[in-house]
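Have a look at the structure below before the remarks.
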Amino acid sequence: MVFTLVSGIMAVLGGLYILYSFGRDLPDYKQLADYEPPVVSRVYAGDGSLIKEYAREKRLFVPINAIPPKVKEAFLSAEDQNFYTHIGIDFKGLVRAVLTNVKNVITNRRPVGASTITQQVAKNFLLSGEVAFERKIKEAILSYRIEQTFTKDQILELYLNEIYLGQNSYGVAAAALNYFGKSLDELEVQEIAYLAALPKAPSNYHPVRRYENAVGRRNWVLTRMEDEGFITEEEMRAAAEMPLNAVPSAQARTFEANYFAEDVRRELKKTYGDDELYGGGLAVRTSLSPRLQSIAERELKNGLVVYDRRHGWRGPLDTMDLFAAPYEVWKEDFLKLNIPLGIDRWQHAVVLEVRDDLAVITTKDGLRSSETFEDLPLEFISMEEVKWARAWVFGERLGPQVKTMAEVLTQGDIIAVERIEPEEDTIGIPYGLRQIPAVNGSLVAMDPHTGRVLAMVGGYDFRRSEYNRATQAKRQPGSAFKPFVYSVALENGFTPSSLVLDAPFVIDQGFGNGKWKPRNSSDKFYGPSTLRLGIEKSRNLMTVRLAQNLKMEKVVEVADRFNITKDMPDLLSMSLGAGETTLLDLTAAYGMIVNGGKMIEPTLIDRIQDRHGETIYRYDDRGCSDCVAEDWNYQPFPELPDDRDSVLDQVTAYQLVSMMEGVVERGTGVRIRALRRPLAGKTGTTDESFDTWFVGFSPDLVVGVFVGFDSPRSLGNNEEGSSVAAPIFRDFMAGALKDDNPIPFRVPEGVRLVRVDPVTGQLADGTTKNAILEAFRQGSFPSKDGEVLDGFNSLVQTKTKLRTGTGGIY
């Protein structure tokens, strides 16, 4: 009796000592009340489409009351059937596990665990993962304390949002998206059971590599759910017969806009830092239009390919020796090839045989469908499909005409091909020869009234180069800068009909620097010409003479005012676009012209919300007390204040719009006229055709296109903005505006439209051919005297007599 009493006292004291010894230095479990797990940040397009996710641990936090009951029931069935009744430690489960493990040791099976969900929370949040007796005691103590502090639902919420379920999935919501491409409330019972099967060892139940194990474990969970009364036997049997259809890894439902998304990521990182970006659960609504982005991607790539084909064949992507190894070996090597081609329709091929008028090839699809070389389908390239592939010659010139297939292709060449439509009675599968462009470019589409970027493509293919040529590349805009020089003239009394001399211009640049002699691209001189003609035909000599008269300080100021180039040198060459800028900034500047002279700043982000749904950033921060969706009853739209600063007088802005409309109708952008809708813009080409541009607009959409080599060099003889960039702009606008009714450019108050002769700028009469409506400021008029700006005079239109002179060197 005494022995029993003493033993009991010793046991109690021993237990108290263990509790004191292991419980005194435990982590503060109360911190769980304020725990905010790292949550994935998501970037959305303007229509709500998911663009990108950023996370170190891919987790989507879901409150317990938003988790479907079946999900909770599945995890309770698999992990902790007594969760709602135990005190953090399941003694009945512990005894059951001990008895089971005795049997497993005898039968050489893996031991089973007895950790409750509360214990797993204690381990995952507060303790290390090492398996040790000491940790298990601490885990039990913490579990009991947690149970005394938190409700069961709070503990289950922590568990279901923290648990790792494989494939970089943290929490059940992320796992549902990663494995099945669904939200939690879209999951079917067999899918829920599979997720509940994963906590013990996700890699052992991979849905592809360990399919049988995965299905077996899933069906065990279904059986447990039926045992617990959460599903019927019929539901269990029906679910167990379903295949395990997981989506390919990490293929969430996303719209791909990589250049745009990367610029958003950089902006978020700069503003909020890495921790918030990769774990703060930001919800970022952007300005992107998926429809316009798709058109932009397609037309920029097509335009670059079209230019590239004009300048010849540079050779295969790679070569391989088909006789150096057996078919099975080189087949495997070829299938591993991973050279990004940039266009989904294109694929890799290897040349098997070259004949005079035919090349026999095999594609990856052909190789995958064949066990032996003899089984390969007949795939070929005809002579007609390689006639474009004349040899590339330095300087973007072409070699001689292609006469035989052997001049272009050799056995073992690895090339890019595209399947084409076969002609009648064709035997085999025909392909066309394709080539990844060496040239690159970018395209930006923007709302000119707000600066919201609707589409952005920073290069031919993001996988080949992440460098964004729309925002990171600073290049010379060339003649695309001229409208801003002309805006200074219009602000200082000139009219679109004012005459400027187009004649030789020479200026001494100082001792040892020689003389600067700008020239027109045609190398011709055209005499007195109107400002309108100077823009329409992109006359360099007129622009330089105009800038000299106006003083370069004013040109520098306008470049700064429109955020085109900061701190531009006040050199005359800058008037021809020698200062550097980005496509994004130049496109925004053109937007300020078509919107009536209002300041806009390009933006990619409309709104950012934190993990709690609170808006922490809004681009348009204007107040609107009447903008309440719940109160909408078809009343008139509320009017918002226009708080944009003015950068240009609205009359001057419209005069520029009208003059650039002439670029499309009669000038260097005439290729765009085929669209037969109100469009305006300006071409740009730098010296020796290093850079080519077209920036233009409709009344409600401004678009910029740039094309050039990353390491600047000439695009070739006769290649200009009109031949390279303008067709891309045209084809983009054709798709973007396809379903929109043509809208004329808005004419502001203060503009007087007068019929004039487009050549002389004088008032038109009954004998004038091709008369146009010219935009004049109210109170001004075409000059009747035909005064010509020819040098250092100050020819302006005022109420007094025009002053003229013969100054200048020409």
message = Could you go through region 213-227 and let me know if any residue there is in a helix (DSSP H, G or I), over 18 Å from residue 77 (Cβ atoms) and either modelled with pLDDT under 90 or more than 28 Å from the chain's Cα centre (by Cα) (or both).
response = yes
query = Is it the case that some residue within region 595-603 is modelled with pLDDT of 95 or more, of a type in the set (Ser, Thr, Tyr) and surrounded by 12 or more Cβ atoms within 10 Å (Cβ to Cβ)?
reply = yes
task = Output the qualifying pairs, or none if there are none: Cβ atoms under 7 angstrom, residues six or more apart or on different chains, first residue in region 217-229 and open to solvent by less than 40 Å² (accessible area, probe 1.4 Å), second residue assigned to a loop (DSSP other than H, G, I, E, B).
result = 218/197; 218/244; 221/197; 225/231
task = Could you tell me whether residue 606 is assigned to a loop (DSSP other than H, G, I, E, B), of a type in the set (Asp, Glu), open to solvent by less than 70 Å² (accessible area, probe 1.4 Å) and touching a residue at least 60 places away in the same chain (Cβ under 8 Å)?
result = no
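From the list 576, 531, pick out the single residue that is in contact with a Pro (Cβ under 6 Å, 6 or more places away or on another chain), in contact (Cβ under 8 Å) with a residue 24 or more places away in the chain and open to solvent by less than 40 Å² (accessible area, probe 1.4 Å). Show your work before the answer.
Numbers: 576 fails: in contact with a Pro (Cβ under 6 Å, 6 or more places away or on another chain).
Going through 576, 531 in turn, just one is in contact with a Pro (Cβ under 6 Å, 6 or more places away or on another chain), in contact (Cβ under 8 Å) with a residue 24 or more places away in the chain and open to solvent by less than 40 Å² (accessible area, probe 1.4 Å): 531.
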request  = Quickly run through region 307-324 and pick out the residues that are among the hydrophobic types (A, V, I, L, M, F, W, C) and either within 17 Å of residue 370 (Cβ to Cβ) or not in a loop (DSSP other than H, G, I, E, B) (or both).
outcome  = 313, 322
task = Kindly indicate the residue of region 726-757 that is out of contact with any helix residue (DSSP H, G or I) (no Cβ under 8 Å at 6 or more places or on another chain) and open to solvent by less than 20 Å² (accessible area, probe 1.4 Å) and also farthest from residue 699 (Cα to Cα) among those meeting that condition.
result = 756
ask   = What tally of residues in region 370-379 results from selecting those that are hydroxyl-bearing (Ser, Thr, Tyr) and exposed (fewer than 12 other Cβ atoms within 10 Å of the Cβ)?
value = 1
key: Of residues in region 144-189 being assigned to a helix (DSSP H, G or I) and of a type in the set (S, T, N, Q), the one nearest to residue 85 (Cα to Cα)   = 148
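Can you find a residue that is in contact with a Phe, Trp or Tyr (Cβ under 9 Å, 6 or more places away or on another chain), aromatic (Phe, Trp, Tyr) and modelled with pLDDT of 50 or more anywhere in region 55-70? Even if it seems obvious, please write down each step before you answer.
At the first step, the residues of region 55-70 found to be in contact with a Phe, Trp or Tyr (Cβ under 9 Å, 6 or more places away or on another chain) are 55-60, 69-70.
From the residues that got through so far, the ones that are aromatic (Phe, Trp, Tyr) too are none.
Checking region 55-70: not a single residue is in contact with a Phe, Trp or Tyr (Cβ under 9 Å, 6 or more places away or on another chain), aromatic (Phe, Trp, Tyr) and modelled with pLDDT of 50 or more.
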inquiry  = Suppose we keep only residues that are more than 16 Å from residue 171 (Cα to Cα) and β-branched (Val, Ile, Thr) within region 186-212. Which one would you say is surrounded by the fewest Cβ atoms within 10 Å (Cβ to Cβ)?
reply    = 208
note = The correct count of residues that are open to solvent by less than 40 Å² (accessible area, probe 1.4 Å) and not polar (S, T, N, Q) in region 40-52 is 7
ask   = Does residue 671 count as charged (D, E, K, R), touching a residue at least 40 places away in the same chain (Cβ under 8 Å), outside any loop (DSSP other than H, G, I, E, B) and farther than 30 Å from residue 749 by Cα?
value = yes
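Tally up the residues in region 690-712 that are of a type in the set (Ser, Thr, Tyr) and assigned to a loop (DSSP other than H, G, I, E, B), please.
First, pick out the residues of region 690-712 that are of a type in the set (Ser, Thr, Tyr): 692, 698, 711.
Right, trim to assigned to a loop (DSSP other than H, G, I, E, B) and you get 711.
Final tally of qualifying residues: 1.
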task = Six or more apart or on different chains, Cβ under 8 Å: which pairs go from a residue in region 287-299 that's within 20 Å of residue 607 (Cα to Cα) and at pLDDT 95 or above to one that's among the polar types (S, T, N, Q) and assigned to a loop (DSSP other than H, G, I, E, B)? Could you list them?
result = 290/49
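The values are calculated or read from the model by the stated rules, or taken from the named source; none is laboratory data. Note that the structure is a prediction, hence the values are computed from the model and not measured. Reconstructed Cβ throughout: ideal geometry from the backbone, glycine too, with neighbour counts over all protein chains shown. Quick note on the areas: whole protein, heavy atoms, side chains included, nothing else; ligands and nucleic acids left out. Shrake-Rupley method; radii C 1.70, N 1.55, O 1.52, S 1.80 Å.
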